[in-house]
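A.B. asks: Provided herewith is a single structure, encoded as structure tokens, for subsequent inquiry.
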Amino acid sequence: MNIFNILFSSLIFSFILFHSNALNVTHDSRSIIIDGNHRIILSGSIHYPRSTAPMWPDLIRKAKEGGLDAVETYVFWNAHEPAHRQYDFSGNLDLIRFLKTIQDQGLYAILRIGPYTCAEWNYGGFPVWLHNIPGVSLRTKNDVFMNEMKNFTTLIVDMVKKEKLFASQGGNIILAQVENEYGNVMEPYGDDGKSYINWCAQMADSLDIGVPWIMCQQAAPPKPMLETCNGWYCDEYKPKDPNTPKMWTENWTGWFKSWGGADPLRTAEDLSYSVARFFQKGGTLQNYYMYHGGTNFGRTSGGPYITTTYDYNAPLDEYGNLNQPKWGHLKQLHDVLHSIEYTLTNGDVRNEKLSNLVMATIYQTKEKSSCFLSNTNTKTDANVNFGGINYFVPAWSISILLDCREEAYNTAKVSAQTSSMVKKLNKAEDEPRSLKWTWRPELIESTSIQGRGDVSVNKIVDQKDMANDASDYLWYMTSIDVAKDDPMLNGTVTLRVNDSGHVLHAFFNGEYIGSQWSKYGDSNVTYVFERNIKLSPGKNLISLLSVTLGFKNYGPMFDLVGAGITSPIELVLSKNVIKDLSSNKWTYKVGLNGISNKFFNTNCASKSSSKWVSDPIPVDRNFTWYKTTFKAPLGNKPVVADLLGLGKGMAWVNGHSLGRYWPSYIADKNLCKTETCDYRGRYSDSKCVSKCGEPTQRWYHVPRSFLKDGENTLVLFEEFGGNPSYVQFQTVEIGSICINTHEGKEVKLSCQDRPISKIKFASFGSPQGVCGSFDKSEYDSEVDVLSILEKECVGKESCSFKITEDKFGKPSCEIKKLAVEAICKDFTF
Ligand code: GAL
């Protein structure tokens with residue numbers, strides 16, 4: 001039976017099992033054991049609220065096709081319980097539907113309930129109302145908190161049990177997680193932290209789910225919790241308890257992106273290296289964080305300062321397209337690992353040193369053997385003889401040998417195609433060239449800057465405490481009475497505002513006097529805003545609009561980190577003459593007029609709909625609402641809104657929030673240190689980054705299910721000022737594809753569901769350059785490789801072949817590679 005038959009029958013087997021019998025999930029020191037079988041589990045994170053329910057089947061199908069056994073997700077408390085004891089499991093929050101979609105495809109699920117998640121999610125998944133309950137203390141021994149945590153965890157477990165989704169009930173959930181990386185932050189919580197984590201374990205255990213509970217980054221957790229590792233590499237990791245198998249709950253496939261930050265890239269070579277190395281060194285379960293990152297719709301991103309895209313450079317891109325070559329290169333690895341699962345989990349293991357930092361690991365059962373050859377040098381390639389056969393093991397790579405003879409995979413030899421994704425207009429025929437806009441101002445003049453608010457107190461209040469996360473926007477307003485003889489009337493007075501993030505707009509006596517915002521990077525969220533003002537005798541009005549971009553999600557006591565304006569707020573005449581306004585009467589108002597009145601909601605005929613005006617459309621005007629209608633781009637490809645030209649704000653399509661936008665925030669030029677990206681050596685989030693000096697995020701995902709036939713509406717709230725006339729809707733498709741790989745490999749070129757229209761470059765030998773700029777070398781074969789491939793591939797959606805000398809001629813070099821660049825239909829380059 002070949003690998004595919006084995007995989008196919010095991011999937012059919014699991015499909016039948018998931019819908020009938022209970023599975024017994026246990027472990028020994030070597031591996032997770034499912035129904036008596038030692039297993040290698042390959043899993044990937046897909047967070048259900050970061051896509052839409054109609055996208056789930058396709059994402060999960062691609063995960064399965066990519067060779068995964070399981071899909072992992074967190075559960076997002078603040079999304080499900082937006083107000084105390086009010087729950088929401090609708091739409092893309094339908095956790096049960098998500099789990100059942102995974103089950104229907106015959107995959108296992110790993111449920112990380114937390115309910116603290118981190119995850120670059122607003123406030124790490126905690127509802128802000130929780131922080132505002134008197135007497136609460138989060139993530140520590142505190143009855144108020146523990147009671148709420150238990151209430152939510154039990155609710156989730158009960159929902160899942162009711163649907164019989166735990167493997168012990170015949171479902172597909174094989175593991176569940178409580179808390180998240182508490183071990184990383186536990187120390188500052190002292191003894192209360194220890195009591196809390198013990199309580200978490202007891203509480204979880206008492207819920208009796210019949211499958212193991214895990215705690216990630218928690219060395220020697222209270223029994224029966226099992227510890228796991230998170231990071232870019234976990235090969236060196238050893239669980240503290242010798243009876244716990246080696247599990248890796250987060251292999252970061254790239255990284256998240258922050259406003260002002262560059263685009264992360266973790267190469268397919270390095271990611272596959274980390275996985276192969278983990279299994280070489282005794283791993284049993286590995287989960288990609290993220291397999292599909294998706295989108296932070298609405299106000300769900302935390303951090304703070306995390307972009308709306310959560311693409312993560314994952315194997316499936318933000319829109320659900322295959323991110324190639326990563327997806328394909330990992331698929332090949334998964335297939336090979338599954339084919340040697342038995343020897344890996346049942347065999348005896350020994351290592352053999354072959355040369356400096358080159359090692360063979362041999363897994364041996366009575367019947368069979370499987371080997372890994374690792375070269376952990378960061379620069380030196382290795383030619384080694386192992387078992388009488390010569391192998392070329394490039395630097396920072398691992399080969400997997402079937403029967404310890406046949407090289408089935410090498411992490412640095414990528415044969416999967418590279419796909420270059422492009423944006424395309426695809427306009428409906430009757431759609432005009434540019435969008436027609438109407439607009440209306442945000443009514444700050446008549447309300448907030450007149451000092452009218454909802455609550456007044458004699459102090460400066462943290463934004464979390466005052467706004468309870470109802471909005472990004474909070475007005476802080478006060479008036480000062482200046483006596484005729486006040487010396488401040490005669491000099492230059494500076495208004496000084498301390499801000500702990502993220503954006504501040506200041507108004508004085510009804511006039512806008514300026515804005516300031518945090519720079520990229522977590523440590524820089526605090527700043528001081530200073531502007532000179534001219535006081536008048538009598539009443540003077542200060543109105544400050546504070547804007548947050550998600551609350552902090554990580555670190556010891558992260559929940560207590562301040563947000564919004566902080567004390568003191570001062571009027572400064574000179575070093576010695578400073579008026580502290582902090583204990584003035586401050587009036588607060590949460591939100592904006594247009595948001596409260598749902599200007600973005602196109603369903604209800606808003607009574608104020610007549611107030612949208614056409615011509616002239618203002619440009620570079622802050623606090624402005626824009627509205628347009630459009631037809632959905634043709635076809636079924638993912639849709640994006642190109643928001644180039646806009647400043648910062650929020651966008652809605654047919655009332656669905658696309659998230660925060662900020663294309664005017666240019667990614668720091670200095671973040672891209674080198675032009676080339678070397679996969680060799682340890683990855684970090686500053687390595688291989690790109691798109692410095694460009695808008696941090698220009699394109700915003702508009703899921704197809706947000707769109708309808710006929711007319712759709714886009715509403716923008718522009719906070720900084722911008723020009724909407726450049727806005728357009730596009731589709732994301734494959735433009736061109738490349739391969740650049742070694743002789744002997746079976747390769748496939750595919751434009752997915754469109755034909756290949758042209759072979760732009762093809763040569764066999766030692767071709768130079770990279771995809772998009774290949775060049776022949778003097779050693780290349782004389783054969784007209786381009787014509788061969790034109791005949792074989794053009795006009796077809798895909799073509800597959802093996803790279804051999806018989807087919808492509810005899811180059812005059814030792815290591816022979818084929819480089820091809822092909823163009824997909826409807827694209828010209
Ligand atoms: C981990 C955390 C994840 C995510 C990740 C970075 O520490 O557990 O939830 O935040 O870092 O993407």
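A.B. asks: Let me confirm something: among S43, S29, which residue is crowded, with 20+ Cβ neighbours inside 10 Å, modelled with pLDDT of 95 or more and either not in a strand (DSSP E or B) or not acidic (D, E) (or both)?
C.D. replies: Unique residue meeting the criteria: S43.
A.B. asks: Check A204 against each of (1) over 19 Å from M146 (Cβ atoms); (2) surrounded by 20 or more Cβ atoms within 10 Å (Cβ to Cβ); (3) more than 16 Å from the ligand (Cβ to nearest atom) and name the one condition it does not meet.
C.D. replies: For A204, the exception is condition (1).
A.B. asks: Additional query: Which of the residues belonging to region 553-567 are assigned to a strand (DSSP E or B) and at pLDDT 95 or above?
C.D. replies: Scanning region 553-567 gives a single hit, I565.
A.B. asks: Determine which single condition T629 fails, assuming it passes every other condition in (1) outside any loop (DSSP other than H, G, I, E, B); (2) at pLDDT below 95; (3) in contact with a Ser or Thr (Cβ under 6 Å, 6 or more places away or on another chain).
C.D. replies: (2)
A.B. asks: Of everything in region 724-756, what is polar (S, T, N, Q) and crowded, with 18+ Cβ neighbours inside 10 Å? Give them in sequence order.
C.D. replies: Within region 724-756, Q728, Q730, T731, S736, N740, T741, S750 qualify.
A.B. asks: Within region 353-384, track down each residue that is over 23 Å from D270 (Cα atoms) and either in the same structural domain as K281 (by TED's automatic domain parsing) or without any contact (Cβ under 8 Å) to a residue 12 or more places away in the chain (or both).
C.D. replies: K366, E367
A.B. asks: Of these, Y661, Y665, which one is in contact with a Ser or Thr (Cβ under 6 Å, 6 or more places away or on another chain) and either buried (at least 19 other Cβ atoms within 10 Å of the Cβ) or in contact (Cβ under 8 Å) with a residue 60 or more places away in the chain (or both)?
C.D. replies: Y665
Yes/no per residue for (1) without any contact (Cβ under 8 Å) to a residue 40 or more places away in the chain; (2) not assigned by TED's automatic domain parsing to the domain that holds K810:
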site	(1), (2)
S725	no, yes
L749	no, no
I756	no, no
S766	no, no
G772	no, no
E778	yes, no
V785	yes, no
C793	no, no
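A.B. asks: In region 163-190, how many residues are more than 16 Å from the ligand (Cβ to nearest atom) and within 26 Å of I41 (Cα to Cα)?
C.D. replies: Residues flagged as more than 16 Å from the ligand (Cβ to nearest atom) and within 26 Å of I41 (Cα to Cα) within region 163-190 amount to 12.
A.B. asks: Every residue in region 609-661 that is among the hydrophobic types (A, V, I, L, M, F, W, C), more than 23 Å from the chain's Cα centre (by Cα) and closer than 17 Å to W437 by Cβ, please.
C.D. replies: W612, V613, I617, V619, F623, W625, F630, L646
A.B. asks: Which of the following residues is assigned to a loop (DSSP other than H, G, I, E, B), within 15 Å of the ligand (Cβ to nearest atom) and over 12 Å from the mean Cα position of the chain (by Cα): Y312, Y233?
C.D. replies: Numbers: Y312 fails: over 12 Å from the mean Cα position of the chain (by Cα).
Within the list Y312, Y233, the selection yields Y233.
A.B. asks: How many of the residues making up region 445-455 are modelled with pLDDT of 85 or more and loosely packed, with under 13 Cβ neighbours inside 10 Å?
C.D. replies: Here is the first cut: in region 445-455, the residues modelled with pLDDT of 85 or more are 453-455.
Within this subset, residues satisfying the condition of being loosely packed, with under 13 Cβ neighbours inside 10 Å are 454-455.
Counting residues in region 445-455 that are modelled with pLDDT of 85 or more and loosely packed, with under 13 Cβ neighbours inside 10 Å gives 2.
A.B. asks: Please enumerate the residues belonging to region 80-109 that are closer than 17 Å to V157 by Cβ and touching an Asp or Glu at 6+ places or on another chain (Cβ under 9 Å).
C.D. replies: Once the filter is applied, which keeps residues that are closer than 17 Å to V157 by Cβ and touching an Asp or Glu at 6+ places or on another chain (Cβ under 9 Å), region 80-109 yields H80, E81, Y87, I96, L99, K100, A109.
A.B. asks: Collect the residues in region 46-73 that are touching a residue at least 60 places away in the same chain (Cβ under 8 Å) and either assigned to a strand (DSSP E or B) or not assigned by TED's automatic domain parsing to the domain that holds A276 (or both), keeping them in residue-number order.
C.D. replies: I46, A70, V71, E72
A.B. asks: Residue under question is I197, and the condition is that it be closer than 24 Å to N78 by Cα, within 16 Å of the ligand (Cβ to nearest atom) and part of a helix (DSSP H, G or I); does it hold?
C.D. replies: yes
A.B. asks: If you don't mind, another one. Going by the structure shown, is L130 in contact with a helix residue (DSSP H, G or I) (Cβ under 7 Å, 6 or more places away or on another chain) and either crowded, with 18+ Cβ neighbours inside 10 Å or within 22 Å of Q218 (Cβ to Cβ) (or both)?
C.D. replies: Numbers: in contact with a helix residue (DSSP H, G or I) (Cβ under 7 Å, 6 or more places away or on another chain): yes; either crowded, with 18+ Cβ neighbours inside 10 Å or within 22 Å of Q218 (Cβ to Cβ) (or both): yes.
So L130 fits the description; yes.
A.B. asks: In this structure, does N584 turn out to be more than 16 Å from the ligand (Cβ to nearest atom), surrounded by 15 or more Cβ atoms within 10 Å (Cβ to Cβ) and assigned to a loop (DSSP other than H, G, I, E, B)?
C.D. replies: Details: more than 16 Å from the ligand (Cβ to nearest atom): yes; surrounded by 15 or more Cβ atoms within 10 Å (Cβ to Cβ): yes; assigned to a loop (DSSP other than H, G, I, E, B): yes.
Yes.
A.B. asks: Quick check: anything in region 270-280 closer than 27 Å to I389 by Cα and outside the structural domain of Y116 (by TED's automatic domain parsing)?
C.D. replies: Looking through region 270-280, none of the residues is closer than 27 Å to I389 by Cα and outside the structural domain of Y116 (by TED's automatic domain parsing).
A.B. asks: Working carefully through the options E227, E269, find the one that is touching a helix residue (DSSP H, G or I) at 6+ places or on another chain (Cβ under 9 Å) and within 16 Å of the ligand (Cβ to nearest atom).
C.D. replies: E227
A.B. asks: Select from region 668-685 the residues that are loosely packed, with under 15 Cβ neighbours inside 10 Å and at pLDDT 95 or above and write down the one among them that is farthest from the chain's Cα centre (by Cα).
C.D. replies: Residue satisfying both the conditions and the ranking: G681.
A.B. asks: Can you name every residue in region 688-708 that is without any contact (Cβ under 8 Å) to a residue 60 or more places away in the chain, among the charged types (D, E, K, R) and more than 30 Å from T629 (Cα to Cα)?
C.D. replies: Matches in region 688-708: none.
A.B. asks: Mind listing just one residue for me: the one in region 274-305 that is away from the ligand (no atom under 16 Å from the Cβ) and aromatic (F, W, Y) and, of those, farthest from the chain's Cα centre (by Cα)?
C.D. replies: The extreme case among them is F279.
A.B. asks: Suppose the filter is surrounded by fewer than 17 Cβ atoms within 10 Å (Cβ to Cβ), more than 16 Å from the ligand (Cβ to nearest atom) and in contact (Cβ under 8 Å) with a residue 24 or more places away in the chain; does N532 pass it?
C.D. replies: Yes: the conditions hold for N532.
A.B. asks: Check region 203-225 and report whether any residue there is out of contact with any Asp or Glu (no Cβ under 9 Å at 6 or more places or on another chain), among the hydrophobic types (A, V, I, L, M, F, W, C) and farther than 29 Å from Y310 by Cβ.
C.D. replies: yes
A.B. asks: Among all residue pairs at least 6 apart or on different chains, which show Cβ distances below 8 Å where the first residue, located in region 542-556, is on the phi > 0 side of the Ramachandran plot and in contact (Cβ under 8 Å) with a residue 60 or more places away in the chain and the second is away from the ligand (no atom under 13 Å from the Cβ) and of a type in the set (F, W, Y)?
C.D. replies: G550/Y305
The values are calculated or read from the model by the stated rules, or taken from the named source; none is laboratory data. Computed from a prediction, not measured in an experiment: that's the story for all the values here. Cβ sites come from the backbone with ideal geometry, for glycine too, and all protein chains shown count toward neighbours.
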